[in-house]
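The values are calculated or read from the model by the stated rules, or taken from the named source; none is laboratory data. Predicted model only: the values in this text are computed from it and were never measured. Virtual Cβ from ideal backbone geometry, glycine too; neighbours counted across all protein chains shown. Remember, those area values only see protein heavy atoms, side chains included, never the ligands or the DNA or RNA. Shrake-Rupley method; radii C 1.70, N 1.55, O 1.52, S 1.80 Å.
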Number of protein chains: 2
Amino acid sequence: MDIRQIRYFVAVAEERNIGRAAKRLFISQPPLSRQIQQLEDELQVKLFERTAKGVELTSAGQLFLNESRNILSLIEQAQERTQRAGKGQLGRLDVAIFGSGILNTIPDILKRFKTAYPGVNIVLHQMSKAEQIEALRQKRISVGFNRLLAPLPDIDSTMILQDKLMVAVRDDHPLATKPLINLKELDNEPIVVFPKGARPNFVDLVSRVFQEAGVTMDITQTVIDAVTGIALVSGGFGFCLIPSSASVLQLPGVKYIPLGGLPDNATVDLSCIYLKDDHSPLLSAFLAVVHEYKSQLNHHTSFSAARE
Amino acid sequence: MDIRQIRYFVAVAEERNIGRAAKRLFISQPPLSRQIQQLEDELQVKLFERTAKGVELTSAGQLFLNESRNILSLIEQAQERTQRAGKGQLGRLDVAIFGSGILNTIPDILKRFKTAYPGVNIVLHQMSKAEQIEALRQKRISVGFNRLLAPLPDIDSTMILQDKLMVAVRDDHPLATKPLINLKELDNEPIVVFPKGARPNFVDLVSRVFQEAGVTMDITQTVIDAVTGIALVSGGFGFCLIPSSASVLQLPGVKYIPLGGLPDNATVDLSCIYLKDDHSPLLSAFLAVVHEYKSQLNHHTSFSAARE
DNA sequence: CTTGATAATACCTTAAAGGTATAAATCAGG
DNA sequence: CCTGATTTATACCTTTAAGGTATTATCAAG
């Protein structure tokens, strides 16, 4: 049996006439007669009664007509869905996120992607940097968001933004009134840092900056993530250095002040990572959304800078 | 797209290797590679990633694999169901019955058919003789049960049995004690006859028998069917002549006594009728059951006759 | 760098789908 | 009852495309 024969059968059943059906199918009448005969031979069932005016369905033919329509429509659906999957419009995308990264940028990107590709089911996984890399290699995830990545041979990354450093202070602290805090002003001040876990991380960046500026860093606590760090500031444990994008988080008695007197490379990047040889349309689609987001971010930045 | 290509695709997806799949399909590797390529071209979707060890499904390919399995199973089901329909094991059979015919023979036949062809949905219609013939011609029914049929050019019939005549009498009537009533004993006695409706019918047979025997028939009532007729006997309206198969019906105060002194042709047949050019397997199957029933009936009759 | 395995390409053979011409069957109208 | 129109079926040829063989290209492992 053959899809062609099924289509032919449906045409003949609908026209109740082989000649007319042949015209509709843009073939001549004899081959169509023959295909119907072959179908009947294969099924060993008479599908049509031949009359003087044409043909009419037997009861078995009637049943087969219903089935045929189901088959054809299922095939059509399969083609359409597969093509959509091929364009990345359908499927499942496993995305890894990490602690403070979910504060603003990642939700924005995911929201855009969901709008552009509503047929894609996004599944989020909380994973550390090392876990993300292992999960990528095992194909348990397709994309991961992270910061401060060391280059790897099998993994590509796209930088989304670079955060400047900011200081979280209690608003009753003397420095809290200043519009800008210089790094030197934090000399020997108690500082909460994060995260614990795989190196290089945000702590390493902060340490390097302090060291290069010749400022002594008094680490009172090392905590798991930015949220905990800022909570400790609120609790009076001292200062906390954060990437500027974490400053969307509001906690009682905590103020965020830009940090000055830093080298240009004192930034912490947010990137998304993915397997170098993953050419899946879903990933491509996702990266396209990321790039679009990035370019709009730059536009906006340069535009507001121009106005200043 | 082609069912062959779908089968090939599934084989390759399952083997994760074109060469192995080719062996399983009893073809050589190059044509299989080409068919997969053609499928991908047609769908404009990459279904496999080619690796050194074979191939592996893309996410679109994974989706198409699911769809393909659905399609193949639907096709298989369609073939099977159509073949069953072709053998008369599946479908719907519309059967017309009439008043007194449903008393014993028809239910027996229908029960046998339902047991032998449980997949067939039997739909019963109460119809008079004329209605049955019209419904047959319009294909609203496929079989009808009836009595005393005049031959028609487009309708065939199979006789199922021939009922002898019996008399229904009140049990307080003087004749009720006799084992056999002679026709002559009914001379000028009040008689209830049935049915009203299309001729020739049971009344005509009864009239002819009386006339040939030179017995005067005093018709007090003409009613619609045997049940009503017997009910009137119970109510004291007189005698009622019935086909013997109607004697299964028990009413208070009514006794059935065989009628003697009749010619051999004083019988009323029960037949089933159907369109001469209806070659549907459902009808054939039904008629086969009818014939089987008939032959068992004859066996039983001749056997019990031999014992007497 | 070679070897072994895999898929892809080139080219040929063969099976089967489609076309043309024509026959056989059936019905309507004279 | 015949004739013409209409329909499906048959016979035979052409063309398309599926399958086969030989070979090449690619890549991972030794």
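Quick look at the values:
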{"item": "Residue under evaluation A:LYS184, criteria (1) within 26 Å of A:LEU152 (Cβ to Cβ); (2) among the charged types (D, E, K, R); (3) open to solvent by 70 Å² or more (accessible area, probe 1.4 Å), criterion not met", "result": "(1)"}
{"item": "Residues of the stretch B:74-89 classified as touching a Phe, Trp or Tyr at 6+ places or on another chain (Cβ under 8 Å) and more than 7 Å from chain A (Cβ to nearest Cβ), total", "result": "2"}
{"item": "Residues that are open to solvent by less than 20 Å² (accessible area, probe 1.4 Å) and not charged (D, E, K, R), drawn from the stretch A:59-75", "result": "A:ALA60, A:GLY61, A:PHE64, A:LEU65, A:SER68, A:ILE71, A:ILE75"}
{"item": "Residue in the stretch A:184-191 that is assigned to a helix (DSSP H, G or I) and of a type in the set (Asp, Glu) present", "result": "yes"}
{"item": "Among (1) within 16 Å of DNA strand C (Cβ to nearest atom); (2) touching a residue at least 60 places away in the same chain (Cβ under 8 Å), the one test that B:GLY86 misses", "result": "(1)"}
{"item": "Test set (1) aliphatic (A, V, I, L, M); (2) within 49 Å of the chain's Cα centre (by Cα); (3) modelled with pLDDT under 90 - B:ALA60 fails condition number", "result": "(2)"}
{"item": "Selection status of A:SER295, at pLDDT 85 or above and among the hydroxyl-bearing types (Ser, Thr, Tyr)", "result": "yes"}
{"item": "Restricting the stretch B:1-24 to residues that are within 8 Å of DNA strand C (Cβ to nearest atom) and assigned to a loop (DSSP other than H, G, I, E, B), the residue that is farthest from A:GLN79 (Cα to Cα)", "result": "B:ASN17"}
{"item": "Strands (runs of 3 or more DSSP E) wholly inside the stretch A:25-139 containing at least 1 residues that are closer than 30 Å to B:LEU93 by Cβ", "result": "A:48-50, A:55-57"}
{"item": "Counted residues, the stretch A:49-59 - those being more than 8 Å from DNA strand D (Cβ to nearest atom) and either touching a Gly at 6+ places or on another chain (Cβ under 9 Å) or not assigned by TED's automatic domain parsing to the domain that holds A:ILE71 (or both)", "result": "3"}
{"item": "Cβ-Cβ under 6 Å pairs, at least 6 apart or on other chains, the stretch A:40-66 side more than 15 Å from A:MET1 (Cβ to Cβ) and more than 8 Å from chain B (Cβ to nearest Cβ), far side outside any loop (DSSP other than H, G, I, E, B) and of a type in the set (D, E, K, R)", "result": "A:GLU56/A:GLU49"}
{"item": "Hey, A:LEU93 touching a strand residue (DSSP E or B) at 6+ places or on another chain (Cβ under 6 Å), more than 10 Å from DNA strand C (Cβ to nearest atom) and at pLDDT 90 or above or not", "result": "yes"}
{"item": "Residue check for B:LEU93: within 30 Å of B:PHE202 (Cβ to Cβ), away from DNA strand D (no atom under 16 Å from the Cβ) and at the interface with chain A (Cβ under 10 Å from one of its Cβ atoms)", "result": "yes"}
{"item": "Listing of strands (runs of 3 or more DSSP E) fully contained in the stretch B:209-308 that carry 1 or more residues being small (Gly, Ala, Ser)", "result": "B:254-260, B:268-275"}
{"item": "Residue ID - farthest from DNA strand D (Cβ to nearest atom), chosen from residues in the stretch A:15-48 that are loosely packed, with under 14 Cβ neighbours inside 10 Å and among the acidic types (Asp, Glu)", "result": "A:GLU42"}
{"item": "Where B:ASP172 falls short, out of the listed (1) touching a strand residue (DSSP E or B) at 6+ places or on another chain (Cβ under 9 Å); (2) over 15 Å from B:ALA266 (Cα atoms); (3) open to solvent by 60 Å² or more (accessible area, probe 1.4 Å)", "result": "(1)"}
